[in-house]
């Protein structure tokens with residue numbers, strides 16, 4: 001059996017190191033990345049197995065479900081120990097396979113705070129903006145993210 005620790009390590013944002021092999025949690029929810037999973041118990045078993053396989057980095061988003069992915073990760077793994085959680089914001093969901101960009105600063109800030117609450121962490125290790133919303137000046141979006149770092153809501157930021 002392969003262990004993710006054998007994949008090597010890299011540094012994220014100068015803040016923490018993770019194994020190169022991580023776990024993407026987009027598909028742990030319902031069809032169309034919408035709603036709860038068909039088999040919640042199987043998802044929880046899978047998530048609990050992830051760290052046993054040496055995976056110490058899990059990537060999710062508030063829009064996966066929406067919200068279900070973050071909630072399941074929290075239920076299965078909190079407290080996280082040596083596992084780092086990355087999440088994303090900047091999409092609103094109105095139905096299966098429907099993704100609406102929302103880059104308004106107040107929305108991004110609200111989403112980061114609610115992700116932090118759903119994940120049950122004091123600070124999000126890595127928060128990523130899904131896309132730059134062309135309807136909102138990029139500087140306004142980046143300023144909101146900088147404020148989240150300054151306020152210690154998120155440790156590192158990225159663009160997905």
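Throughout, read-outs are computed from the coordinates displayed, never taken from laboratory work. The shown structure was predicted, so the numbers you read here are calculated from the model rather than taken from an experiment. Cβ atoms come from the backbone with ideal geometry, glycine included; neighbour counts cover every protein chain shown.
Taking 0.36 nm per residue of sequence separation and subtracting the Cα-Cα distance, how much length would be gained by fully extending the chain between residue 140 and residue 101, in nm to one decimal?
Contour length minus the Cα-Cα distance gives 12.6 nm.
Compute the length gained on full extension between residue 132 and residue 46: take 0.36 nm times their separation in residues and subtract their Cα-Cα distance, giving the result in nm to one decimal.
27.7 nm
Provide the FRET efficiency to the nearest 0.05 for the residue 71-residue 2 pair, computing r from the beta carbons and using R0 = 41 Å.
Calculated value: 0.90.
Ranked highest first by the average count of other Cβ atoms within 10 Å around their residues, in what order do 24-30, 11-17 fall?
Going by the mean number of other Cβ atoms within 10 Å, highest first, we get 24-30, 11-17.
Based solely on its DSSP helices, what 222 nm [θ] is calculated for the chain when runs of n ≥ 4 H residues each add -39,500 (n - 2.57) and the sum is averaged over all residues, nearest 500 deg cm²/dmol?
Using -39500 (n - 2.57) per qualifying helix, the result is -10000 deg cm²/dmol.
Determine, for 99, 127, the number of other Cβ atoms within 10 Å of each Cβ, and report the residues in order from fewest to most.
Sorted ascending by nearby Cβ count, the order is 99, 127.
Could you work out how much longer the chain between residue 12 and residue 147 gets when fully extended? Use 0.36 nm per residue separation minus the Cα distance between them, nm to one decimal.
Here the answer is 46.7 nm.
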